[in-house]
Amino acid sequence: MVEVGDMLVGYATDENIRSRGASGGLVTAVLAAALEKGLVENVVVMKHINEFEAVPIITDDVEEVLASTGSLHSVPVNLAKYAMGRKVAMPAKPCDAQAVIEQGKRGMIDLDNTYVVGLNCGGSMHPVTTKKMLIEMYDIDPEDVVGEDIEKGKLIFKTKNGEEKAIAIDELEEAGFGRRESCRFCTLKIPVNADLACGNWGVIGDLAGSATFCQVMNEKGAKLLGNAIDAGRIEVQPASDKAIAIRAKVNSVMEDLGNTLEKEIFPDIPDEERMQYYMEQMEDCIDCGACKEVCPVCACGDDAKCTMFHSLVDNYKMSMYHMVRLLHLSDSCIGCGQCSDVCPSDIPITLLQSRFAIPSQRRRDYKPGMNLDTPPFFEVMLK
Amino acid sequence: MTEEEWTPKIVAFCCNWCSYGGADTAGMGRFQQPASTRVIRVMCSGRIDPLHVFNAFLEGADAVLVTGCHIGDCHYVNGNEKTQVKYEFLEEMLLQLGLEPDRLHLNWISASEGERFANFINDVTAKVKELGPSPLKPAGVR
């Protein structure tokens with residue numbers, strides 16, 4: 001039986017799923033088994049449209065789960081809000097899992113009935129930037145791309161006629177492409193806050209590329225994985241010490257990189273220039289409210305305090321809407337980057353937000369979305 | 001238009017039971033204080049939403065004072081403790097935004113501390129006078 005804390009390497013028993021899904025199809029098989037056995041009513045998966053586009057769907061059809069897309073690095077959507085009010089299982093990047101827990105703390109998601117299969121994430125890319133990068137750096141027509149992969153710090157694109165081209169991610173980021181800024185300073189690469197932490201880091205030997213490393217994080221995770229084994233969907237074996245060490249090493253390298261880049265991304269601005277900086281950044285805001293709409297930790301709904309100040313008459317020198325949000329999210333912002341992605345005026349909202357949230361959270365030795373032990377600060381102290 | 005000496009505009013949020021009484025006592029005791037404050041009475045300092053503070057700054061306040069009863073004396077048991085939590089986050093946020101720390105103050109003043117209220121207003125007015133108009137003041141507002 002599966003127990004909490006187990007480190008396993010596993011893959012789907014069905015040859016078809018195993019070859020189609022990324023890294024052995026374990027996650028797909030676990031989600032399908034959860035649906036088949038009635039552990040959940042729905043599964044949230046991404047429906048493949050092309051290499052740069054996928055839409056989240058909530059489905060109760062096993063076939064649709066099996067047909068879902070594998071990992072796509074250029075579709076950085078946060079799935080947390082799709083779990084609201086449903087009994088679901090869902091795949092999740094570390095930031096999706098953080099958002100699910102934050103929503104759970106605020107009573108918007110029933111965590112007992114939500115199963116989160118976490119996936120290792122080294123960062124995602126904006127689809128528009130990716131397309132531009134393909135033309136400028138790779139000299140490939142975006143339409144010709146059929147697959148992508150990240151291996152040993154290199155981003156690889158495969159084209160229709162079987163060619164592969166790899167460029168180091170560092171090089172891409174220096175040229176202004178590559179991962180989204182919010183992913184560069186992120187230090188949560190293994191989703192230890194999810195129910196299961198899966199990924200291809202630490203899969204070595206014969207299994208490399210066709211199996212998934214899986215750590216059982218809690219009771220729910222054990223139930224989910226046990227269910228898939230009982231259903232005959234997956235096979236698992238304990239991970240070797242070497243595999244565990246390799247996974248930990250990859251993680252620490254990524255974390256160090258995140259910490260180094262954080263200093264580059266957030267240069268100190270002297271006290272007297274900061275106000276000017278924020279004003280200049282926000283003056284392009286057209287008050288569309290998209291950043292609030294996509295925010296995965298926002299649990300205020302339509303009658304939120306910030307949206308009451310959308311009108312330009314309230315914004316004399318600085319947007320009141322943003323001021324409210326900067327304060328309100330200082331204890332809950334997970335830095336997922338959704339707001340920057342959707343901003344029609346290209347305001348780097350995540351970076352602005354993080355300048356407030358990161359110091360505020362560090363001062364309190366608190367990281368949002370990790371567990372339920374530390375509820376939102378306002379709530380704890382206001383009791 | 002004649003050039004007068006610029007006096008800062010200070011918005012003081014006072015709770016009904018303590019600091020508003022304190023302001024009253026300051027007047028009755030004839031403690032001298034500059035006419036730079038606009039007092040806004042709220043039932044409890046816990047009612048003061050950070051939003052009110054933002055709005056005061058955006059509409060042209062040079063400084064905002066949040067005042068209430070001493071901790072433990074709240075008329076509503078723990079309203080001022082709630083103020084304190086909110087104020088902590090608010091202060092951090094406004095400092096990060098680049099506002100000078102002297103433009104925002106939290107002070108506990110009881111109804112009998114008229115002199116303390118007057119001294120507080122004097123101090124803040126002097127400090128803000130040195131700083132000059134707030135960077136958030138809209139154009140055309142004095």
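The values are calculated or read from the model by the stated rules, or taken from the named source; none is laboratory data. Owing to the predicted nature of the structure, the values given are computational and were not obtained by experimental measurement. So basically every Cβ, Gly included, is an ideal-geometry build from the backbone, and we count neighbours across all protein chains shown. Surface areas here come from the heavy atoms of the whole protein model, side chains and all, with no ligands, DNA or RNA. Shrake-Rupley method; radii C 1.70, N 1.55, O 1.52, S 1.80 Å.
Roughly how crowded by other chains is peptide A:354-363, in terms of the mean Cβ count from those chains within 10 Å of each of its Cβ atoms?
2
Please work out how much accessible surface residue A:108 shows to a 1.4 Å probe, ignoring ligands, DNA and RNA, in Å² rounded to 10.
Result for residue A:108: roughly 70 Å² accessible.
Using only Cα atoms, what is the ratio of the radius of gyration of chain A to 2.2 N^0.38 Å? Each step should come with its number before you reach the end.
Values: Rg = 20.9 Å, N = 383, 2.2 N^0.38 = 21.1 Å.
Ratio of Rg to 2.2 N^0.38 Å for chain A: 0.99.
Considering amide H positions built from the backbone, and no H for Pro or chain starts, which residues 5 or more places from residue A:53, or on another chain, come under 5 Å of its amide H?
Sorted by chain and number, the residues that satisfy this come to none at all.
So what J values fall out for region A:170-181 if you push phi through Karplus, 6.51 cos²θ - 1.76 cosθ + 1.60 with θ = phi - 60°, rounded to Hz, Gly and Pro as x?
Values, residue by residue: 4, 5, 5, 6, 5, 7, x, 10, x, 5, 5, 4 Hz.
I'm checking a number: the convex hull volume of the Cα atoms of region A:272-383, normalised per residue, in Å³. What is it? Walk me through the numbers before you get to the answer.
Numbers: hull volume 13.3 nm³, N = 112.
With only Cα atoms used, region A:272-383 gives 119 Å³ per residue.
Could you go through region A:144-154 in sequence order and give the Karplus-derived ³J(HN,Hα) for each residue, using 6.51 cos²θ - 1.76 cosθ + 1.60 with θ = phi - 60°, rounded to whole Hz, and x for Gly and Pro?
These are the phi-based 3J(HN,Hα) values: 7, 6, 10, x, 8, 7, 10, 9, 6, x, 10 Hz.
How much length is gained if the chain between residue A:266 and residue A:106 is pulled fully straight, taking 0.36 nm per residue apart and subtracting their Cα-Cα distance, in nm to one decimal?
On the way: separation 160, 0.36 × 160 = 57.60 nm, distance 2.97 nm.
Between residue A:266 and residue A:106, full extension yields 54.6 nm more.
Could you work out [θ]222 nm for chain B from helices alone, using -39500 (n - 2.57) per DSSP H run of at least four and dividing by all its residues? Round to the nearest 500 deg cm²/dmol.
On the way: 4 runs with 56 residues, N = 142.
-12500 deg cm²/dmol, from helical runs alone.
Could you pull the accessible area for residue A:261 with a 1.4 Å probe, rounded to 10 Å²?
30
What residues qualify as long-range amide H neighbours of residue A:148, i.e. H under 5 Å apart, gap of 5 or more or another chain, H built at 1.01 Å from N?
HN-HN under 5 Å from residue A:148: A:158.
At R0 = 45 Å, how high is the FRET efficiency between residue A:312 and residue B:112 if r is their beta carbon distance? Nearest 0.05 is fine.
The pair residue A:312/residue B:112 has a calculated efficiency of 0.50.
Picking from A:224, A:275, A:190, whose Cα lies most toward the positive end of the charge dipole for region A:160-291 (charges on Cβ: Lys, Arg +1; Asp, Glu -1)?
Positive-most Cα among the choices belongs to A:224.
Please list 3J(HN,Hα) in residue order for region A:341-357, calculated via the Karplus relation 6.51 cos²θ - 1.76 cosθ + 1.60 where θ = phi - 60°; whole Hz, with x for glycine and proline.
Couplings: 4, 8, 4, x, 9, 6, 7, x, 4, 4, 5, 5, 4, 5, 4, 8, 6 Hz.
How do A:68, B:112 stack up against each other in accessible area, from largest to smallest, with a 1.4 angstrom probe? Before the final figure, lay out the partial values.
On the way: A:68 20, B:112 95 Å².
From most exposed to least exposed: B:112, A:68.
Compute the distance in nm between two label points, each set 7 Å from the Cα along the Cα-to-Cβ direction, one at residue A:303 and one at residue A:208.
Roughly 5.9 nm, to one decimal.
Of A:189, B:127, which has the most accessible area and how do the rest follow, probe 1.4 Å?
Largest accessible area first, the residues go B:127, A:189.
Quote the accessible area belonging to residue A:37 in square angstrom, nearest 10, computed with a 1.4 Å probe and with ligands, DNA and RNA left uncounted.
120
Can you compute the FRET efficiency between residue A:128 and residue B:5 using 1/(1 + (r/R0)^6), with r the Cβ-Cβ distance and R0 = 41 Å? Round to the nearest 0.05. If you can, show how the numbers build up before the last one.
Numbers: r = 55 Å, r/R0 = 1.34.
My answer for the efficiency is 0.15.
Specify which residue in the list A:238, A:175, B:128 is farthest towards the positive end of the charge dipole of the protein assembly as shown, using unit charges on the beta carbon of Lys, Arg (+1) and Asp, Glu (-1), about the Cα centre.
Of A:238, A:175, B:128, it is B:128.
Can you find, among A:349, A:321, A:361, the residue sitting farthest towards the positive end of the charge dipole of region A:301-383, where Lys and Arg contribute +1 and Asp and Glu -1 at Cβ?
A:361
State the cysteines of chain B left without a partner when partners are defined as other cysteines whose beta carbon lies under 4.7 Å away.
B:14, B:15, B:44, B:74
Peptide A:323-333: average number of partner chain Cβ atoms within 10 Å per residue?
The per-residue average across the peptide is 4.
Using just the helices of chain A, give the 222 nm mean residue ellipticity in deg cm²/dmol: DSSP H runs with n ≥ 4 each add -39,500 (n - 2.57), and the total is spread over all residues, rounded to 500.
-10500 deg cm²/dmol
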